[in-house]
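A short worksheet on the structure shown next.
Readers should treat all values here as calculations from the given coordinates under stated rules, not as data from a laboratory. Just so we're clear, the structure is a prediction, and the values are computed from it rather than from any experiment. Virtual Cβ from ideal backbone geometry, glycine too; neighbours counted across all protein chains shown.
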Amino acid sequence: MTAQRPAPPPQPDADWLSFDPDPSKPGYLPPPGAVDAHCHVFGPGDVFPYAPERKYTPTDAGKEQLFALRDFLGFERNVIVQATCHGADNRALADALVAAGGRARGVATIRPGVSAAELADLHAAGVRGIRFNFVRRLADPKPDDYYLGLTDLVAELGWHVVVYFEAADLAERWGLFSNLPTVVVVDHMGRPDVSQPVDGPGFALYLRFLHENENVWSKVSGAERLSVSGPPQYADYVPFARRIIEAFPDRVLWGTDWPHPNMKSHMPDDGALVDLIPRIATTDDLQRRLLVDNPQRLYWEER
Ligand code: 0GY
């Protein structure tokens, strides 16, 4: 890749692989207006320090590198998602959103005590949702009331809630997720075990969750995290994403997940991830809904 600056060397305290500084050019060309709806900015740590309570330390991955990757892969816009390593300090996120000049929206992390003025500033920067992380290696669980209280605050702004959880935890939080009064977006398809059959009971529960809750959307990202068969084909991931897209074409989003925090097995080639899109969304119509219409509706139309 020529448009992107080389990746910085991993910080001495970084505890996962650095992103691929030289992804391949995808053969698949996303449609005009396409959105990479799950990606992050990290630091740089000397400007935007990582949270003291973080569970991992990333390699710096700043906005300039994200925007270069966006252009190189053929996308027009990003949804930048606050990751746990920045805690509830959304300054790196807000800085990137403002710099994107309307070509990015954001999902923040907030805590009780957040002021109306802080929320208004985040909205002005481009934030349209908050994220709750239930993955135990990343965040400590809280009672349902904690999440309901924060959701009530942002529902008034027309924002939605993004939830990240492991498949095994869906049953426990089913009641909470079903009671949230906003759109709820699930990260990485609720992390199914893709070594199991796509028609198996684990994934059936997730599909039922989507069927019963029309306000729930699903990201179909996460090939590199979920796949057991591995790159570059990620063959075991494909039927799971395809099943969701075909069943719920108006409630799906896709993202690279760049710079792929906590990847320890391999670091994906982002061009190869883009080339999965026509295998999971097999018609022009499904691709346009996944990459353009759905993120446009959720992130760029005022509610
Ligand atoms: C992701 C996945 C991960 C990390 C986080 O907030 C985070 O730190 O979401 C992960 O480790 O699976 O989507 O960014």
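Here are a few things to note about the model shown:
- Separation between Cα centres of segment 67-128 and segment 235-303, rounded to whole Å: 20
- A Cβ-based charge dipole, computed about the Cα centre of segment 180-252 with Lys and Arg at +1 and Asp and Glu at -1, lands at about 80 debye.
- Helix-only arithmetic for the chain: the sum of -39500 (n - 2.57) across DSSP H runs with n ≥ 4, divided by the residue total, places the mean residue ellipticity at 222 nm at -8500 deg cm²/dmol.
- Simple label model, 7 Å out from Cα along Cβ direction - L153 to A116, nm: 1.4
- Set of lysines with alpha-carbon distance to K142 below 24 Å, sequence-local pairs under 8 removed: K55, K219
- When the Cα positions of P197, V107, G43 are compared along the charge dipole of the chain, P197 comes out farthest toward the positive end, with charges on each C-beta of Lys, Arg, Asp and Glu.
- Net length gained if the chain between A68 and R54 were fully extended (0.36 nm per residue, minus Cα distance): 2.3 nm
- Comparing L29, L291, L66 in a Gaussian network model of the chain (Cα springs below 10 Å), the most mobile by mean-square fluctuation is L29.
- The relative contact order of the chain comes to 21 percent, based on Cα pairs under 8 Å that sit 6 or more residues apart.
- With a simple spin-label model that places each label point 7 Å from the Cα along the Cα-to-Cβ direction, the separation between Y146 and D46 comes to 3.5 nm.
- Taking the Cα centre of the chain as origin and assigning +1 to Lys and Arg Cβ atoms and -1 to Asp and Glu Cβ atoms, the resulting dipole is close to 140 debye.
- For segment 35-300, a/c is less than 1.5, where a ≥ b ≥ c are the root eigenvalues of the C-alpha gyration tensor. That puts it in the rounded class.
- Fluctuation leader among R136, R77, R103 - the chain, Gaussian network, Cα springs under 10 angstrom: R136
- Within a Gaussian network of the chain (alpha carbon springs, distance under 10 Å), most fluctuating of G222, G129, G113: G113
- 10 Å Cβ shell holding at most 15 others, DSSP loop, GluC sites (Glu not before Pro): longest site-free stretch of the chain: 54-155
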